[in-house]
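So the structure is just underneath, and the comments pick up after that.
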Amino acid sequence: MLALPAMAEVSALVQLTPARVMPLAEHLRAYGTVEFAPEGGRTLSLEAESLVSQVLVANGQRVHQGEVLLRVAPSINDQLQLQQAQIGVRFALTDQQRLESLRARQLATNAEVQTAQQTLARAQATLHDLQARLKTLQAGAVRAPINGVVETVSVHQGDLVPAGQPLLRLSTGNTLRIVLGVEPEDLPRVKVGDAVQLRPVYGAQPPLSGRIRQIYWQVDPKTRLTQVVVPMAATPSLLPGAMVRAEITLGRHKTLAIPDSAVLQQGGRAYCFVDVHGKARQRWIETGWREADWIAVSKGLQAGEPVVSLGNYELQDGMALRVAGRS
């Protein structure tokens, strides 16, 4: 009988790259929102109780200095106080004049006249204070003190607003801040001054660069995250209220790394192929942060082991390897 020829061994043409220890920048991913920076803004309030008759602006609206934002009027209570203060001044003035007339006829003492003068002075001071506090209300309008953007409107038409309570807030619109949420266990690794790359969650705008200025060492009860703040100049690609994703650079550390192209995924786990005596051997690995075309490996490989960096998608465990450039 004739012997059948042996079938040729299946092999794959690949490129190998040794795993190596190299410095990589460690990154931390975070998400956050864009806000107006509090610096340079103005919170508007009135010194007297007021009734809001009309709201003329909305959140995000640009306004100019002097533009009318709200129509307001004094409350009934303040109007009564003003009337009482005016009556108080008239009575005090009449009483002072009466006592001065009596003193001229030696029917009142200097002490009585002096007391009347003091009472008149207090009544006039009360009236002056009320008139000063009601000056804006008597004009009937709250106007923008600066050019800017309406950040928040805190009142509605028909509201009775107590003295000192915020009516609205204006921002200059020149500076923003990005508030990023960070897991509490990651916060100790974050430092003021760390570089941050920012991109809007939606859209394909190029990344923006910034640095962490503030770290809040407390957990937000709503998100269960801590917060870090990145200041940013106003730019058309970042609008207040928008969501952003961020890559925080935590520093550079020496770590074992392999080309990003060498890493494959199966069932949510990472693996690569290693050249062992000319055969492909599948190796489960644990990966970390990426930089450029390299990825950190924390488990599963040793420095110097040759991993398949190209031609690995059709490989199977045990398949023979033909290395590009090797005879």
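Values quoted throughout were computed directly from the atomic coordinates according to the rules given, and no laboratory measurement underlies them. Since the model is a prediction, treat every value here as computed from it, not as a measurement. With ideal geometry, Cβ positions are generated from the backbone for all residues, glycine too; neighbour counts draw on all protein chains shown.
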Residues Met243, Met22, Met232 arranged by fewest to most Cβ contacts within 10 Å: Met243, Met22, Met232
message: Run the reach check for Lys191 against aspartates and glutamates, Cα to Cα strictly under 18 Å, same-chain hits fewer than 8 apart removed. What comes back?
response: Glu26, Glu183, Glu247
message: Test of understanding: given the chain, find the longest segment containing no chymotrypsin sites (Phe, Trp or Tyr not before Pro) that are in a DSSP loop and have at most 14 other Cβ atoms within 10 Å.
response: 1-201
query: Just one of (1) 79, 39, 36; (2) 155, 37, 28; (3) 58, 50, 38 is Cα extents along the principal axes in Å as worked out from the coordinates here. Which one is it?
result: (2)
message: Cross-link candidates for Lys279: which lysines have Cα within less than 28 Å, leaving aside residues fewer than 8 places away along the same chain?
response: Lys299
task: Kindly write out, for segment 196-209 in residue order, the coupling ³J(HN,Hα) from the Karplus curve 6.51 cos²θ - 1.76 cosθ + 1.60 (θ = phi - 60°), rounded to whole Hz, with x marking Gly and Pro.
output: 9, 9, 10, 9, x, 4, 10, x, 10, 5, x, x, 10, 10
- prompt: Helix 76-104 versus the longest principal axis of the chain: what angle, 0 to 90°, nearest 10, using Cα atoms?
  reply: 30
message: Relative contact order of the chain, please, whole-number percent, based on alpha carbon pairs below 8 angstrom and at least 6 residues apart.
response: 29
message: What does the charge count around Gly41 come to, taking other residues whose C-beta lies under 9 Å from its C-beta (Lys +1, Arg +1, Asp -1, Glu -1)?
response: 0
- prompt: If one computes the Cα centroid of segment 214-246 and of segment 153-210, what distance in Å separates the two points?
  reply: 5
task: Rounded to the nearest 500, what is the 222 nm mean residue ellipticity of the chain from helices alone, with -39500 (n - 2.57) per DSSP H run of 4+ residues and division by all residues?
output: -6000 deg cm²/dmol
